[in-house]
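For reference, the structure discussed in these notes is given below.
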Amino acid sequence: MPPVIASAPLWLAVTNCWVVAAERGGPAVIVDAPPDVDGLTRLVTELDVVPVAVLATHGHVDHVGGAGGAATRYAVSAYLHPDDDWLAADPRQQLRSIFGMEPPGDYEPPERYEDLADEQVLDLAGLSFRTLHTPGHTPGHCCFLLEDDGVLFSGDQLFAGSIGRTDLPGGSHEQLMASMADKIVPLDGDTRVLPGHGPSTTIARELATNPFLQGLPR
């Protein structure tokens, strides 16, 4: 059976919060937790699942601002690549210094993040998440691949028709494109891409139509 996957676009940045489970009524994993824990909770309730972990693709506030709240509410661990610890340590300060804003909300980080590593496999909720470290959008950006099911949670690495921005602190266009060529382009073309923003797509579709992927070695 394919996994049960649902998302809700949450918070000001309309960030996709993904909830994935092997089946309804069972354990589930949250991929990216924007600063809208009530919205995330509604999604969890609609799926009738029980979260067992929060995976963060990277440390930007629109992806981790609710990680502390979700980790506390469900008494679970949150995971992040350590190269993004500096970003995720204080989401409210990140809002001030990088984005020049401070909307209301609870942005407390988890007490600690469990470290992610490249090619680490996390067996959670009856599913195996292969961690792909894809620096470029941020130094610690990771994608999560459900290899057996052909599903990639791409965060802000790859979007339908576009790629993640690299003009924020720690970003590097050269690194992002190297990560794309090394980690993403070689994936099976039928792999479903579930991004951090916008609609889903496939690897094959992006290789054929995404202007940023043209010319990459295949």
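The values are calculated or read from the model by the stated rules, or taken from the named source; none is laboratory data. What you see is a predicted model, and the numbers here were worked out from it, not measured in a lab. Ideal geometry is used to build each Cβ from the backbone, glycine not excepted, and the neighbour counts take in all protein chains shown. Keep in mind that these areas ignore ligands, DNA and RNA; they rest on the heavy atoms of the full protein, side chains included. Shrake-Rupley method; radii C 1.70, N 1.55, O 1.52, S 1.80 Å.
Surface composition of the chain: carbon and sulfur atoms hold 51% of the protein heavy-atom accessible area at a 1.4 Å probe. Rounded if a/c is under 1.5, else prolate if a/b beats b/c, else oblate: with a ≥ b ≥ c from the C-alpha gyration tensor eigenvalues square-rooted, which is segment 24-126? It is oblate, given that a/c is not under 1.5 and a/b is not larger than b/c.
Apply the a/c threshold of 1.5 to the C-alpha gyration tensor of segment 102-175 and tell me whether it is rounded, prolate or oblate.
Details: a/c = 1.74, a/b = 1.17, b/c = 1.49.
Oblate, because a/c is 1.5 or more while a/b does not exceed b/c.
Dipole magnitude of segment 76-218 about its Cα centre, charges +1 at Lys/Arg Cβ and -1 at Asp/Glu Cβ only, in debye to the nearest 20?
Details: 9 positive and 23 negative charges, 116 e Å.
Rounded to the nearest 20 debye, it is 560 debye.
Sorting 10-23, 185-198 by their mean Cβ neighbour count within 10 Å, with the most densely packed peptide first, gives 10-23, 185-198.
Taking all pairs of different Cα atoms in segment 1-81, averaging 1/r and flipping that mean, what Kirkwood radius in angstroms comes out? Show your work: numbers first, answer last.
Numbers: mean 1/r = 0.0826 Å⁻¹.
Mean inverse Cα-Cα distance, inverted, gives 12.1 Å.
A dipole drawn for the chain from +1 and -1 charges on Cβ atoms has a positive end, and of Q94, G65, G39 the residue lying farthest that way is G39.
Taking every pair of alpha-carbon atoms in the chain, give the share separated by more than 29 Å as a whole percent. The partial results should precede the final answer.
On the way: 4290 of 23653 pairs.
Summing the P(r) of the chain above 29 Å gives 18 percent of all pairs.
Heavy-atom accessible surface of segment 1-93, averaged per residue, reaches 36 Å², computed with a 1.4 Å probe.
Our note on the geometry: Cα centres of segment 176-218 and segment 109-127, 23 Å apart.
Report, in debye and to the nearest 20, how large the dipole of segment 1-67 comes out about its Cα centre when Lys and Arg carry +1 and Asp and Glu carry -1 on their Cβ.
Details: 2 positive and 7 negative charges, 17 e Å.
Taking the Cα centre of segment 1-67 as origin, the dipole is about 80 debye.
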